[in-house]
Amino acid sequence: MNIVNPKEMILQLTRNYEGERFPDGRPRVSDDILERMKNVSTEEAWGVLRRNGYPRQFEGNWLEIHPGRVLVGRAVTAMMVPHRPDLHDLVEEKGKEEGRIGGQNSWVIDTLELGDVMVVDMFGKIKDGTFIGDNLGTSIMRRTRAGAVLDCGIRDERGVGRLDDVAIFCRGLDPSAILDVTLAGVNIPIRIGGATVLPGDVVLGTYTGVTFIPAHLAQEVVERSEAIALKDQFGHLRLRQGRYTPGEIDRAWPPEIEADFQQWIADGKPMDS
């Protein structure tokens, strides 16, 4: 049994991605793309994914422990399943062989790197399904400076909520400790609500919800968002100036408006002409 999915399997799962990778095979979408992704709206990302045949990459209805913080990073996936003695014993034996320390939830955290987002499928369990408290939350913050998406609960909400440089999305709060679950694998395909998540997906968490962007589409999502923002900037300018009507701007532009837009870009995007 492999606790962490082998490199060759991750390469197959993410074969459409042609960029840089981590040593374990996980896609390493660039830091530049991640930084620019923070300005992308959920709707813009969803639109690009839908056009490319990925309309089921969004999941809503989360409890945001750090409201207002945008979560962006590269997915490290993990699946926890209901306790079954024979499987649990096997996983524990394998973990000891590999020198893993602590509870199985901490094994996942031990794999995280800067810019990662831990994404955990624990079938929505809240009571006895608290994957982290403030101690493990602190470790996530230190390791990733990004955060986590937990299809389960958390405990110690007050302490977790005080953490900086991290954003946690979960399903609920409970004082209980994690119990009666077993780690089925790390960096394997998982289900979060109605979405399928692969290792290396770019995670975009906003007030609206969480979008899981396949690594090979991350650059297109960012560039499309930036193009929309630029057109919006131009359109708002011309509306303030009274050059065009809302009906002219809020539709596919005719050639004369498109030419004006391209000239505005060529002139350095002046905000007063």
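Quick notes on this structure:
- For region 82-90, the criterion of being closer than 29 Å to P214 by Cβ and surrounded by 15 or more Cβ atoms within 10 Å (Cβ to Cβ) is met by none of the residues.
- Filter result for T211 (in contact (Cβ under 8 Å) with a residue 40 or more places away in the chain and either surrounded by 18 or more Cβ atoms within 10 Å (Cβ to Cβ) or part of a helix (DSSP H, G or I) (or both)): yes
- Residue match in region 95-111 (condition: on the phi > 0 side of the Ramachandran plot and more than 14 Å from the chain's Cα centre (by Cα)): yes
- Against the criterion of being under 23 Å from N187 (Cβ atoms) and not assigned by TED's automatic domain parsing to the domain that holds D232, I126 does not qualify.
- Residue satisfying condition, being among the hydrophobic types (A, V, I, L, M, F, W, C), surrounded by 17 or more Cβ atoms within 10 Å (Cβ to Cβ) and assigned to a loop (DSSP other than H, G, I, E, B), within set L179, L136, L150, L112: L112
- Filter result for the condition that a residue is outside the structural domain of T14 (by TED's automatic domain parsing), in contact (Cβ under 8 Å) with a residue 60 or more places away in the chain and either of a type in the set (V, I, T) or closer than 19 Å to S30 by Cα (or both), over I190, I228: I228
- Subset of region 51-81 (residues that are hydroxyl-bearing (S, T, Y) and buried (at least 20 other Cβ atoms within 10 Å of the Cβ)): T77
- Complete set of residues in region 26-69 that are within 18 Å of V149 (Cα to Cα) and assigned to a strand (DSSP E or B): F58, E59, L63, E64
- Among residues of region 70-109, those that are part of a helix (DSSP H, G or I) and in contact (Cβ under 8 Å) with a residue 60 or more places away in the chain, counted: 10
- From the list A218, A259, the lone residue that is in contact with a Pro (Cβ under 9 Å, 6 or more places away or on another chain) and either of a type in the set (A, V, I, L, M, F, W, C) or closer than 19 Å to W46 by Cα (or both) is A218.
- For region 163-174, taking the residues that are assigned to a loop (DSSP other than H, G, I, E, B) and touching a residue at least 24 places away in the same chain (Cβ under 8 Å), the one that is nearest to G53 (Cα to Cα) is identified as R171.
- Remark: E18 matches the filter, which requires a residue to be assigned to a loop (DSSP other than H, G, I, E, B), farther than 20 Å from L112 by Cβ and touching a helix residue (DSSP H, G or I) at 6+ places or on another chain (Cβ under 8 Å).
- Residue pairs whose Cβ atoms lie under 6 Å apart, sitting 6 or more positions apart in sequence or on different chains, and linking a residue in region 12-31 that is under 19 Å from T111 (Cβ atoms) to a partner that is in a loop (DSSP other than H, G, I, E, B) and among the β-branched types (V, I, T), are P27/T14.
- In region 226-273, the residues that are in a helix (DSSP H, G or I), surrounded by fewer than 10 Cβ atoms within 10 Å (Cβ to Cβ) and basic (K, R): R240
The values are calculated or read from the model by the stated rules, or taken from the named source; none is laboratory data. Only a predicted model underlies this, so the values are computations on that prediction, with no experimental measurement involved. Positions of Cβ are generated from backbone atoms using ideal geometry, with glycine treated the same way; all protein chains shown enter the neighbour counts.
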